[in-house]
Amino acid sequence: MRKNDELELDIHDLHANGHGIGRDVNGKVIFVSGALPGDRVHARLLKVKKQYAYGKAMEIITPSPHRLQENDPRICPVSSKCGGCQFQNFNYHAQLTFKEKLVRDALIRIGGCENPPVLPILGMDEPYYYRNKAQFPVGSDGKKPLIGFYAPRSHRIVPINGCNIHHPLCGEVLRKVKYLLKAHPIPIYNEETHKGLLRHVIVRVGFSTGEVMVIFVLNSSDPHQIQMSGFCHSDLFTGKGFSFLYNKNTAKTNVILGDQFTVLQGSGYIHEEIGHIRYRISPRAFFQVNPVQTKVLYDVVASHMSGNESVIDAYSGIGGIALYIAGRVQNVVGVESVEDAVKDGVYNAALNNIENASFQCGAAEALVPELLRGKNYGTLILDPPRKGCDSGLLDMIVTSEISKIIYVSCDPATLARDIKQLTSGGYKLEHIQPVDLFPMTGHVETVALLQRKNP
Ligand code: SAH
């Protein structure tokens, strides 16, 4: 088998990155872009490795029953070029089945669970326009500015006019920025030369409040140029609940945000309501990107609270989970490394008249062991970033008095790895609830409940 060979394949599975998976006559795994489970395709090989190969679907010979019709109006017109979505042409119910399997497979393959207790995934009724945050890179084709999203695995910008997974206000701001870039040309940042000014435009929206925050990421320590440009004085960006900020990022880096924010207009915050709790969100702080499903997620976590327990909410952000569950527990302490998020947490506790929640700023791997040494906590919530928990922290947890762990994760692979360490250390995985926070993409959120075997 060599590069550029062509073959017919039945696709039987899917990778989270959107590649269909088939096997050749010898059983070798072939990842095929543009193919879905149930398709029979004519594929060309692009890369051949010892154990597997990569290919591209040249023709769909028999379409999968899960494939939307090519002219289905729900499919985004740039979905084959843009790296944002992997599953625009994949029936939503099939997406959900696939994600449930993804979680189960990770627990078997990485977590060492024989028969993982995976509950039926909780999906969305309306799986479009759900994202509250858009990060648009800005570039140039040499003649005119480009703004949109990156193509898969590249920094090539695919220009867009709107996006059907983001809140409509994100698309509205994008179109205004496009218009303004024509009316008030400002230098566009060039990644190769590290020259130019405007790098990214970030839009965050409060679904329940309609508040909007627009952040211009600039390769400059001086916001003067952007203030002069007329952008933020434009009628297009005024109105109640509209904040306009500038972020300074002068580093040669792929990291989008720099450290310093300057509010040019408005309060510099947005507010969001999830169920009974109102949250203030500052520009640096993380907040779940799908507010509708965040309520579903937080309700799952809250359902595991028994009333009289002391809880640590590690990786607490702006207090999302801690404040949501506060009414169901004796007390809760949030641990979070981003100072602005901790400030939001403290502010949000007061905003909601919650007196039994407190927040500490620092790394979970340092602060959680300290908390566990000082007091008896019965329940630990873990909601780490994609890379999962520090293994030293997990080692410490298995020697602690914690009887119940609720592990919220956005990456089934690192979750399965960490569950293996916790189950080897004396915890039992009771069940795991997938929640679809990211329709049209290969990502999935989960809530795992673990109990100590011999309390
Ligand atoms: N539970 C929150 C946030 C989860 S996202 C919610 O539901 O909104 C993960 C959070 O962990 C982010 O706020 C991030 O800033 C924080 N974080 C990342 N590494 C950390 C660490 N080592 N210790 C503490 N917090 C960390």
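Setting aside same-chain residues fewer than 8 positions from LYS49, which lysines have a Cα under 24 Å from its Cα?
Filter leaves LYS3, LYS28.
Could you tell me what percent of the accessible area of the chain is made up of carbon and sulfur, with a 1.4 Å probe and every protein chain present?
Answer for the chain is 49 percent, counting heavy atoms of protein chains only.
Residue by residue through the range 272-289, what is 3J(HN,Hα) from phi via Karplus (6.51 cos²θ - 1.76 cosθ + 1.60, θ = phi - 60°)? Round to whole Hz and write x for glycine and proline.
Once θ is set to phi - 60°, the couplings for the range 272-289 become 9, 10, 10, x, 8, 10, 9, 10, 8, 10, 8, x, 7, 7, 6, 9, 3, 7 Hz.
Quick one: which residues, 5+ away or cross-chain, put their amide H under 5 Å from the amide H of GLU211? H built at 1.01 Å from N.
HN-HN under 5 Å from GLU211: GLY206, HIS271.
Step through the table entries LYS143/LYS195; LYS248/LYS343; LYS133/LYS420; LYS133/LYS178; LYS343/LYS404, compare each Cα-Cα distance with 24 Å, and write down the pairs that go over it. Mind showing how you got there, number by number?
Values: LYS143/LYS195 16 Å; LYS248/LYS343 21 Å; LYS133/LYS420 33 Å; LYS133/LYS178 18 Å; LYS343/LYS404 28 Å.
Those over the limit are LYS133/LYS420; LYS343/LYS404.
Quick check on the range 275-394: take the gyration tensor over C-alpha atoms, sort the square-rooted eigenvalues as a ≥ b ≥ c, and tell me if it's rounded (a/c under 1.5), prolate or oblate. Kindly include the intermediate steps, with their values, before the conclusion.
On the way: a/c = 1.35, a/b = 1.14, b/c = 1.18.
Since a/c stays below 1.5, the shape of the range 275-394 is classed as rounded.
Quick check on the chain: of the DSSP beta bridges with both residues there, what percent are antiparallel, nearest 5%? It would help to have the intermediate numbers written out before the result.
Working: 64 of 98 bridges.
Counting only bridges with both partners in the chain, antiparallel ones make up about 65 percent.
In whole Hz, what ³J(HN,Hα) sequence does the range 179-193 give by Karplus (6.51, -1.76, 1.60; θ = phi - 60°), x for Gly and Pro?
Using θ = phi - 60°, the values come out as 4, 5, 5, 6, 6, 10, x, 10, x, 8, 5, 10, 4, 6, 8 Hz.
In whole Hz and in residue order, list the ³J(HN,Hα) couplings for the range 135-143 that follow from phi through the Karplus curve 6.51 cos²θ - 1.76 cosθ + 1.60, θ = phi - 60°; x for Gly and Pro.
Coupling constants for the range 135-143: 10, 9, x, 10, x, 8, 9, x, 10 Hz.
How far apart, in nanometres, would the label points at ASP259 and LEU351 be if each is projected 7 angstrom from Cα along the Cα-to-Cβ direction?
Reported label-point gap for ASP259 and LEU351 is 2.6 nm.
Considering only DSSP beta bridges where both residues belong to the range 133-272, give the percentage that are antiparallel (nearest 5).
Numbers: 24 of 32 bridges.
In the range 133-272, approximately 75 percent of DSSP beta bridges are antiparallel ones.
So what is the accessible area of the range 6-62 per residue, in Å², with the probe set to 1.4 Å? Walk me through the numbers before you get to the answer.
Values: 2980 Å² over 57 residues.
Result: 52 Å² of accessible area for each residue.
For the chain, treating each Cα as an identical point scatterer without solvent, what Debye log10 I(q)/I(0) comes out at q = 0.08, 0.11, 0.14 1/Å?
At q = 0.08, 0.11, 0.14 Å⁻¹ the computed log10 ratios are -0.53, -0.99, -1.38.
Using a cut-off of 19 Å between alpha-carbon atoms, which lysines can reach LYS81, once sequence neighbours fewer than 8 places away in the same chain are excluded?
Reachable lysines: LYS56.
What are the aspartates and glutamates whose alpha-carbon lies under 13 Å from the alpha-carbon of LYS240, with same-chain residues fewer than 8 places away excluded?
Within reach: GLU211.
The values are calculated or read from the model by the stated rules, or taken from the named source; none is laboratory data. Since this is a predicted model, take the numbers as computed values, not measurements. Virtual Cβ from ideal backbone geometry, glycine too; neighbours counted across all protein chains shown. SASA here: full protein model, heavy atoms, side chains in, ligands and nucleic acids out. Shrake-Rupley method; radii C 1.70, N 1.55, O 1.52, S 1.80 Å.
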